[in-house]
Amino acid sequence: MIDLKFLRENPDVVRASQTARGDDPGLVDAVLAADEQRRTNLLAFENLRAQQKSMGKQVAQAKGEEKQALLAQTKELAAQVKAAQAAANEAESTSEELAYQIANITLSAPPGGEEDFVVVETRGTPRDFAAEGFEPQDHVDVAQGLKAMDIERGAKVSGARFIYLTGVGAQLEIGLQNAAMDQAVRAGFIPMVTPTMVRPETMRGTGFLGAHSDEIYRLERDDLYLVGTSEVALAGYHSGEILDLGNGPLRYAGWSSCYRREAGAAGRDTRGAIRVHQFNKVEMFSYCRPEDAEDEHQRLLGWEHQMLAKIDVPYRVIDTAAGDLGTSAARKFDCEAWLPSQNRYFELTSTSNCTTFQARRLNIRERTETGATRYLATLNGTLATSRWIVAIIENHQQKDGSVVVPAGLRPYMNGVEVLEPVG
């Protein structure tokens, strides 16, 4: 949730952010009008309440007919106070509901939609498969030769876009997750295995029940949501709390299975393991002081670089455009790996600076050196997901159908250097 005080004082900044995102800037004026109505109704209630208290003292001192007249007036005034309080509460609810619809204020993000990103840097060079004398296969064909993935039985058991990772595929998955968690712990993160079902207030507080809510699975009978990232559970972990950040950011590394409808994919990348409904992920999450958030964002990106170096694939970093940020992020960097079979890049990681947006919605504060409290900043970043297997298989495939295990993963694969096709 945005800071209403900031919105009142800087409405043009918020309008510009809304416009950059492709959202309705008129929502700013609707919030301002609702907030003004809230304050007007609240003042009316407080004035009537003050009159009620004053009249109460007069009734206590009055006698006879005067007292009876005052009692009648008191009864009428009580009804007015009740009505004014209800109006104030309704106006507050309307103001809050409208404010919840405004996304976080962007922070130097490029304007525009999904295709308007800016490439920050490129690392590594795609292999010249033609020079090596063969055409690269897509990850599904290679994985099936390794017996690393079973798509048909995944569909038979659970439906389209569910897969079994089998044999070396399962080993790669577990090795990736262990490598990511090991790196996070070495960097000082607290490891967490998080719940994969959360209450509505947690899902809403993190900003996932807005424009992309159609991608979320809901268990209606239990009024719970399946998470699409452990970010949700990690953000909710300290909801309603006051934290001590005197020793620096508080960092967690959450491992969980994740569930997404991928409703907005429109059929793109539905073959194999790129866009599936269930996958595993290790997610970094940081609580820090607002003034440290931009530096912390760069640190999270740096840890993503370290992890990507372990799988040794060409990739680029993009500064995501405002219209593709998601509700909570003020700025987001994606790391996209090269996909040889399609001659393009595809997303492997994201890291987002959510400033104080989630903390306001979840009421998470820090205690400052003066003893006062204020909302803190939250950030998140991907350290590994099941999708990384796609990049590993395609970029390290060999002409004979084998796959070279990246050196950085070999300690997590029992020292195996090459995954051989299964006859």
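The values are calculated or read from the model by the stated rules, or taken from the named source; none is laboratory data. Just so it is clear, the structure is predicted and the values come from calculations on it, not from any experiment. Positions of Cβ are generated from backbone atoms using ideal geometry, with glycine treated the same way; all protein chains shown enter the neighbour counts.
At a glance:
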| read-out | value |
| --- | --- |
| Every residue from segment 31-44 that is over 13 Å from I2 (Cβ atoms) and touching a residue at least 60 places away in the same chain (Cβ under 8 Å) | A34 |
| Residue within segment 369-379 that is among the aliphatic types (A, V, I, L, M), in contact with a helix residue (DSSP H, G or I) (Cβ under 9 Å, 6 or more places away or on another chain), under 23 Å from G302 (Cα atoms) and part of a loop (DSSP other than H, G, I, E, B) present | yes |
| Tabulated pairs, segment 88-101, first of a type in the set (D, E, K, R), second in a helix (DSSP H, G or I), C-beta under 7 angstrom, 6+ apart or interchain | E92/R38 |
| Selected residue (criterion: nearest to L27 (Cα to Cα)) from residues of segment 102-115 that are of a type outside the set (A, V, I, L, M, F, W, C) and in contact with a Ser or Thr (Cβ under 9 Å, 6 or more places away or on another chain) | N104 |
| Criterion (over 17 Å from Q101 (Cβ atoms) and either at pLDDT 85 or above or not in a helix (DSSP H, G or I) (or both)) met by exactly one of E36, E46 | E36 |
| Selection from segment 172-191 of residues that are buried (at least 17 other Cβ atoms within 10 Å of the Cβ) and farther than 21 Å from W388 by Cα | F189 |
| Residue within segment 129-148 that is farther than 22 Å from L419 by Cβ and without any contact (Cβ under 8 Å) to a residue 60 or more places away in the chain present | yes |
| Test for T356: is it within 26 Å of I163 (Cα to Cα), out of contact with any Leu (no Cβ under 6 Å at 6 or more places or on another chain) and in the same structural domain as Y259 (by TED's automatic domain parsing) | no |
| Every residue from segment 224-271 that is of a type in the set (D, E), modelled with pLDDT of 95 or more and surrounded by 13 or more Cβ atoms within 10 Å (Cβ to Cβ) | E231 |
| Any hit, segment 331-349, residues being under 23 Å from T206 (Cα atoms), modelled with pLDDT under 95 and not β-branched (V, I, T) | no |
| Test: residue in segment 205-219 that is aliphatic (A, V, I, L, M), within 30 Å of Q101 (Cβ to Cβ) and either outside any loop (DSSP other than H, G, I, E, B) or touching a residue at least 60 places away in the same chain (Cβ under 8 Å) (or both) | yes |
| Answer from L409, L419 - the residue that is over 18 Å from P110 (Cβ atoms) and either surrounded by 23 or more Cβ atoms within 10 Å (Cβ to Cβ) or not assigned by TED's automatic domain parsing to the domain that holds F189 (or both) | L419 |
| Positions within segment 1-39 being within 21 Å of P111 (Cβ to Cβ) and hydrophobic (A, V, I, L, M, F, W, C), in sequence order | I2, F6, L7, V13, V14, A16, A20, L27, V28 |
| Unmet criterion (only one of (1) under 28 Å from G323 (Cα atoms); (2) touching a residue at least 60 places away in the same chain (Cβ under 8 Å); (3) not β-branched (V, I, T)) for F189 | (1) |
| Single unsatisfied condition, R161 versus (1) out of contact with any strand residue (DSSP E or B) (no Cβ under 7 Å at 6 or more places or on another chain); (2) crowded, with 21+ Cβ neighbours inside 10 Å; (3) in a helix (DSSP H, G or I) | (3) |
